[in-house]
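The values are calculated or read from the model by the stated rules, or taken from the named source; none is laboratory data. Being a predicted model, the structure only gives us computed values, none of them experimental. Here the Cβ positions follow ideal geometry from the backbone for every residue, glycine too, while neighbour counts run over all protein chains shown. Only protein heavy atoms, including side chains, enter the accessible area calculation; ligands, DNA and RNA are left aside. Shrake-Rupley method; radii C 1.70, N 1.55, O 1.52, S 1.80 Å.
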Amino acid sequence: MSSRRRSALLARLVVDQPGRPQGILGELRRVILDGAVPPTTVIPLREVSELFGVSHIPVREALKTLIGEGLVTHRQQHGYQVAQLTVQELREMYIVRDTLETASLAAAALAADDDDRDHLREVNDLLERAILNDDPVAYHRQSRRFHVALTRPSRMHRLLHMLETAWNVTEPVQSMVHIDRSDRESLHTDHLLLLEAFLARDVDALLAAADLHHRRLESVIATLPTDTGLLAPEHISSPQ
């Protein structure tokens, strides 16, 4: 079986301008973060180079950057693959996300303007629709947008960049897609508390709601199935 057939990633790459290496990094990152290619998906160097009409060098450079971002791994016998976290690593990344998000929330609530608050309401409406339609993929996508809308008004750009990077590392797992509907509904009750406190500029209530939400997330993440290939066994650390 060829690498092209083994890699679900190749079929999802979009090449606007063959022969130009500038878009390789962004396109590989886009496909990985979209969640349609699961962890351990092969990224065949030769076929990606052929698809973009470039040599191996710019593709390797793009993959090297993605390795640094925690999205890709490389092993001698397995080549390049979409990174796979262990259960413990996933929990650690959620702790990182929790810490960074909490650090930005108070500033965000106090600095938010009418446009920021309207945007948060709009994203919450999309979350509501995903819950009503029992659409876990849409829920996963809009949940991230909701948390971005909560934190971005802080204008703490370096912190927000670190938060985005931490979130990206967990994205191939697509956690919210693989939990029970009842858990998504419970998490959304927390979103409503966060929304209410944010709109009221009530920092104490906002931080309390965030703490409740993060503790619930920890318990929900612990229910993720470990036999689907999404997460690596605990005794195997993610290769670099």
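How much length is gained if the chain between Q22 and H56 is pulled fully straight, taking 0.36 nm per residue apart and subtracting their Cα-Cα distance, in nm to one decimal? Don't skip to the end; give the middle numbers.
Working: separation 34, 0.36 × 34 = 12.24 nm, distance 1.35 nm.
Value of the extension gain: 10.9 nm.
Give me the number: length gained by fully extending D211 to R91, i.e. 0.36 nm times residue separation minus the C-alpha to C-alpha distance, one decimal in nm.
On the way: separation 120, 0.36 × 120 = 43.20 nm, distance 1.55 nm.
Once the chain is fully extended between D211 and R91, it gains 41.6 nm.
Along its principal axes, what span do the Cα atoms of the stretch 1-141 show, with the longest given first and each in whole Å?
The principal-axis extents, from largest down, are 51, 35, 32 Å.
In debye, nearest 20, what is the charge dipole magnitude of the chain about its Cα centre with +1 on Lys and Arg Cβ and -1 on Asp and Glu Cβ, if you could check?
Values: 27 positive and 34 negative charges, 236 e Å.
The dipole magnitude comes to about 1140 debye.
Just read off the accessible area of L33 with the full protein assembly in place, 1.4 Å probe, to the nearest 10 Å².
Counting only protein heavy atoms, the figure is 40 Å².
Report the residue, chosen from H74, H147, H56, that carries the largest GNM mean-square fluctuation when the chain is represented by alpha-carbon nodes joined by springs under 10 Å.
Maximum among the listed residues: H56.
With a ≥ b ≥ c the root eigenvalues of the C-alpha gyration tensor of the stretch 166-240, is it rounded (a/c under 1.5), prolate (a/b larger than b/c) or oblate? The partial results should precede the final answer.
On the way: a/c = 2.93, a/b = 2.06, b/c = 1.42.
Judged from the Cα gyration tensor, the stretch 166-240 comes out prolate (a/c at least 1.5, a/b above b/c).
If you place +1 on the Cβ of every Lys and Arg, -1 on the Cβ of every Asp and Glu, and leave all else neutral, what size is the dipole of the stretch 163-240 about its Cα centre, to the nearest 20 Debye? Could the numbers behind the result be given before it?
Working: 5 positive and 13 negative charges, 15 e Å.
So the magnitude is around 80 debye.
Stretched out fully, how many nm does the piece from N133 to T228 gain, at 0.36 nm a residue minus the Cα gap? Intermediate results must be reported in sequence, preceding the final value.
On the way: separation 95, 0.36 × 95 = 34.20 nm, distance 2.48 nm.
So the extension gain works out to 31.7 nm.
Using 7 Å Cα-to-Cβ label points, what is the R145/T165 separation (nm, one decimal)?
Label at R145, label at T165, 2.6 nm between them.
What does the accessible area of T99 come to, in Å² to the nearest 10, when a probe of 1.4 Å is used?
Counting only protein heavy atoms, T99 exposes about 80 Å² to solvent.
Report the dimensions of the stretch 94-206 along its three principal axes from the alpha-carbon atoms, largest first, rounded to Å.
34, 28, 22
When the dipole is taken about the Cα centre of the stretch 8-112, and only Lys, Arg (+1) and Asp, Glu (-1) are charged at their Cβ, what size is it in debye, to the nearest 20? Could the numbers behind the result be given before it?
On the way: 10 positive and 11 negative charges, 44 e Å.
I would put it at about 220 debye.
Can you tell me the Rg and the Dmax, both Å, for the Cα atoms in the stretch 90-135?
Cα-based Rg and Dmax for the stretch 90-135 come out at 14.0, 35 Å.
From the alpha carbon gyration tensor of the chain, can you work out the equivalent ellipsoid semi-axes (sqrt of 5 times each eigenvalue) and give them in Å, largest to smallest?
Working: eigenvalues 229, 80, 53 Å².
Values for the chain, descending: 34, 20, 16 Å.
May I ask for the angle, rounded to the nearest 10°, between helix 56-68 and the longest principal axis of the chain, with both axes built from Cα atoms and the value confined to 0 to 90°?
Long axis of 56-68 versus the principal axis of the chain: about 30 degrees.
State log₁₀ I(q)/I(0) for the stretch 162-210 at q = 0.15, 0.24, 0.25, 0.30 Å⁻¹ as given by the Debye formula over alpha-carbon point scatterers of equal weight, solvent excluded.
-0.56, -0.91, -0.91, -0.93
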